[in-house]
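This report refers to the structure that appears directly beneath it.
The values are calculated or read from the model by the stated rules, or taken from the named source; none is laboratory data. Here the structure is a predicted model, which means the values were calculated and not measured. Virtual Cβ from ideal backbone geometry, glycine too; neighbours counted across all protein chains shown. The protein model used for the area step is the full one, side chains on, heavy atoms only, and it has no ligands, DNA or RNA in it. Shrake-Rupley method; radii C 1.70, N 1.55, O 1.52, S 1.80 Å.
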Amino acid sequence: MKSILRKTLKWLLILLLISLLPVILLRWVPVPGSMLMVERWLQSGDQPFELQHRWTPYEQLPDSLKMAVIAAEDQRFAEHHGFDLKAIRAAIRHNERGGSLRGASTLSQQVAKNLFLWSGRSWPRKGLEAWFTLALETLWPKQRILEVYLNIVEWDEGVFGAAAAAQHHFGVAPGVLSDQQAAQLAAVLPNPRRWSAASPPPQALQRSQWIRKQSRQLGGAHYLRQMEKGGEWPQWLRLKYWQDKVAE
């Protein structure tokens, strides 16, 4: 029995380590697509499916859009390490009182789920989501997480990423989005396949005004510049660490 358990744990560890390879690779390589894109294609069945997606580097994405999604989806993005415990506790209290369910997924969790996993609420999927979230927070800087999020997030049927969304909804490149257009894109994220960023419903339009206010209160461009400074990588991820180990 112990032998079976050891072998199981050994193979589980091997699989987890193998799963880190795409995380490490995508730290630098432009992301070509996501599992959510594949899932939407499979769901389309015999219906034509047109994927609209184009990678846009972080520097070409407007600060207004970066701040809008942070204000709308994850205001403690620069502070947490993948999981916003305050938001989780608030969501639990809200859901216990009844009414519409409220989620507490951070941008890091959303990237982990949409990039690597399938939709659903099963415990195995949630466990993998937690694993990939920790991997992203360890191996990627916050700037990279935000960059990938803005390039793979869904903004309508078959529309993924800021470049496709800006063109689809407003007929412009992402770099010239107005502050209001950026806020409207962020405002429809709770339901991007039903709500149009170009013609949002009243509740989404009202939310866009709140997002603009929150973006300013968070610090706007200053918030981003501080976040971009980031922190240092763990020592074990540095080449010098292993050079010193070998030299010992």
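Under the combined filter of DSSP loop state and at most 11 neighbouring Cβ atoms within 10 Å, region 1-79 retains these GluC sites (Glu not before Pro): GLU50, GLU79. Per residue, the accessible area of the chain comes to 58 Å² when a 1.4 Å probe rolls over the protein heavy atoms. Take the cross-link list LYS113/LYS229; LYS66/LYS126; LYS7/LYS113; LYS66/LYS86; LYS126/LYS229 and give me the ones stretching past 24 Å between alpha-carbons. Violating the 24 Å Cα-Cα cut-off are LYS113/LYS229; LYS66/LYS126; LYS7/LYS113; LYS126/LYS229. When the Cα positions of VAL172, VAL23, ALA68 are compared along the charge dipole of the chain, VAL23 comes out farthest toward the positive end, with charges on each C-beta of Lys, Arg, Asp and Glu. What's the carbon and sulfur percent of region 111-184's accessible surface, probe 1.4 angstrom, rounded to a whole number? The nonpolar share, carbon plus sulfur, comes to 58 percent.
So for the chain, Kirkwood radius off the Cα pairs, Stokes-Einstein at 25 °C and 0.890 mPa s: how many µm² s⁻¹? Rounded to a whole number, D works out at 125 µm²/s. Net charge dipole, the chain: roughly 920 debye, given to the nearest 20, about the Cα centre with Cβ charges of +1 for Lys and Arg and -1 for Asp and Glu. A Gaussian network model of the chain, with springs between Cα atoms under 10 Å, assigns the largest mean-square fluctuation among ARG207, ARG225, ARG76 to ARG225.
For the options LEU150, LEU115, LEU205, a Gaussian network treatment of the chain with springs between C-alpha atoms closer than 10 Å singles out LEU205 as fluctuating the most. Of the DSSP H helices in the chain, those that are both long (alpha-carbon extent of 30 Å or more along the helix axis) and hydrophobic (Kyte-Doolittle mean at least 0.5) are 2-25. Its Cα gyration tensor gives region 1-97 an equivalent ellipsoid, and the semi-axes of that ellipsoid, as √(5λ) in whole Å with the largest first, are 31, 26, 19.
Apolar share of the accessible surface for region 1-74: 68 percent from carbon plus sulfur atoms, 1.4 Å probe. Mind pulling the per residue volume of the convex hull built on the Cα atoms of region 103-227? Å³ is fine. For region 103-227, the hull spanned by Cα atoms encloses 115 Å³ per residue. Whole-Hz Karplus values for region 153-161 come out as 5, 7, 10, 3, 4, x, 9, 10, x Hz, taken residue by residue from phi with 6.51 cos²θ - 1.76 cosθ + 1.60 and θ = phi - 60°; glycine and proline positions read x.
Give me the net charge of VAL69's neighbourhood, meaning all other residues with Cβ under 12 Å from the Cβ of VAL69; Lys, Arg count +1, Asp, Glu -1. Net charge around VAL69: -3.
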